[in-house]
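Structure first, then comments.
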Amino acid sequence: MSTTIPVIVRVLASSVSVAGKAGKIVRDVMSKGELGIVEKGKDDYQTEADRSAQRCIIESLSAQYPKVNIIGEEDNPDTEGDISSEWLAVDADKEILSIECPSFLKSVKEEDIVIWVDPLDGTSEYTQGFLEHVTVLIGISVNEKPVAGVIHQPYFKTLIDGEKKLGRTIWGLQEVGVGGFTAAPPPDSLVITTTRSHSNPIVEKALQVMNASQILRVGGAGYKVLQLLEGVASIYVFASPGCKKWDTCAPEAVLNAAGGKLTDILGNYYKYGASEGKPNKTGVLAAVNGELHNYALTRIPQELKDKLASNK
């Protein structure tokens, strides 16, 4: 890979490539039927797919970009034995390598980059068979801001030359745009997407005040943001501290690149520096554009915002 290409573009191109390999690992573990489920906490699970996909991503990217700080969801995944060479991604997506890097990112160095990895977003849904909700997330931040991201869907079905293929990779880069799918306008009526498995009275109150025509309850932050991008939903509301930085870094980057907006419930942006706390303590509020985001922000009662702010 040419070192004359700015490092941020090379990291994104490598991330697109390794996300596809991680997605195959996710499918292979499911096919074998031995998920190796570990309960990390209440409604918080880890599987062999989480552990193996994370090793694939982190070891592949670390080998190519040793100075980049990479933070993965799975603390201390099992590292006994060498990772199979077939899971080490050393290539890079050629389409990404050919794009023009935004001027403000051209001078970024490896050590300026923090990558947030969720190797299997929607683990609960994965174990329950809601496979369309599952995504692999790789978020790339510079100066605490998400500037690029990858969302891979291991179980997305496409027909290529009459043959069914599994897997789709969506990417976004600030000031460049998005690729891997066709964006669509929001639905004519107000459709909200929210959590499927982590609701509570505060989450429900935030939904009630939106006056939505429909509420979709699905798993995974990556999948919810894809619903926004593909015109299935208008706004993503989650008034709870359940998400983490690895859940939102890649989706925020891709959504921003498409003209959308993701903040906390108070309207503040999260910071994605290496020293930041991992929990997103004040929830998630995202929309396909600033107008819809502002609508949602103004609908949420101040008392609810105050309750979430007390989590800080």
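The values are calculated or read from the model by the stated rules, or taken from the named source; none is laboratory data. Note that the coordinates shown come from a computational prediction; the quantities given were computed from them, not determined experimentally. Neighbour counts run over all protein chains shown; Cβ positions are idealised from the backbone, glycine included. The area values use the complete protein model at the heavy-atom level, side chains included, leaving out ligands, DNA and RNA. Shrake-Rupley method; radii C 1.70, N 1.55, O 1.52, S 1.80 Å.
For the stretch 188-263, the helices (runs of 4 or more DSSP H) that sit wholly inside it and include 1 or more residues that are acidic (Asp, Glu) and without any contact (Cβ under 8 Å) to a residue 60 or more places away in the chain are 201-208. Number of residues in the stretch 266-294 that are more than 23 Å from Glu73 (Cβ to Cβ) and in contact (Cβ under 8 Å) with a residue 12 or more places away in the chain: the value is 8.
Name the residue that is farthest from Ile5 (Cα to Cα), counting only residues in the stretch 65-93 that are at pLDDT 95 or above and either polar (S, T, N, Q) or open to solvent by 50 Å² or more (accessible area, probe 1.4 Å) (or both). Break it down stepwise before answering.
So in the stretch 65-93, the residues at pLDDT 95 or above come out as 65-71.
This time we only want the ones that are either polar (S, T, N, Q) or open to solvent by 50 Å² or more (accessible area, probe 1.4 Å) (or both), so: 66-67, 69.
Details: Pro66: 17, Lys67: 17, Asn69: 20 Å.
Result: Asn69.
I'd like to know if the stretch 121-138 contains one or more residues that are part of a strand (DSSP E or B) and of a type in the set (Gly, Ala, Ser). Don't jump to the end; show me each part of the working.
Here is the first cut: in the stretch 121-138, the ones part of a strand (DSSP E or B) are 121, 135-138.
Narrowing further to those that are of a type in the set (Gly, Ala, Ser): none.
No, the stretch 121-138 has no match at all.
Residues that are modelled with pLDDT of 95 or more, of a type in the set (Ser, Thr, Tyr) and open to solvent by 10 Å² or more (accessible area, probe 1.4 Å) do not occur anywhere in the stretch 245-260. Among the criteria (1) open to solvent by less than 20 Å² (accessible area, probe 1.4 Å); (2) free of Cβ contacts under 8 Å to residues at least 40 places away in the same chain, the one Gln128 does not fulfil is (1).
Scan the stretch 258-280 for residues that are within 23 Å of Leu120 (Cβ to Cβ) and in contact with an Asp or Glu (Cβ under 8 Å, 6 or more places away or on another chain) and the total you get is 5.
Screening Leu266, Leu229 for residues that are open to solvent by less than 50 Å² (accessible area, probe 1.4 Å) and either in contact with a Lys or Arg (Cβ under 7 Å, 6 or more places away or on another chain) or at pLDDT below 95 (or both) leaves exactly one candidate, Leu266. Would you say Ala287 is crowded, with 24+ Cβ neighbours inside 10 Å and touching a His at 6+ places or on another chain (Cβ under 6 Å)? Taking the combined requirement at face value, the residue satisfies it. Taken over the stretch 187-206, the criterion of being buried (at least 21 other Cβ atoms within 10 Å of the Cβ) and farther than 23 Å from Val136 by Cα is satisfied by Ala206 alone. In the stretch 149-164, the qualifying residues are those that are of a type outside the set (A, V, I, L, M), in contact with a strand residue (DSSP E or B) (Cβ under 8 Å, 6 or more places away or on another chain) and open to solvent by 80 Å² or more (accessible area, probe 1.4 Å), and the one that is nearest to Val108 (Cα to Cα) is Lys157.
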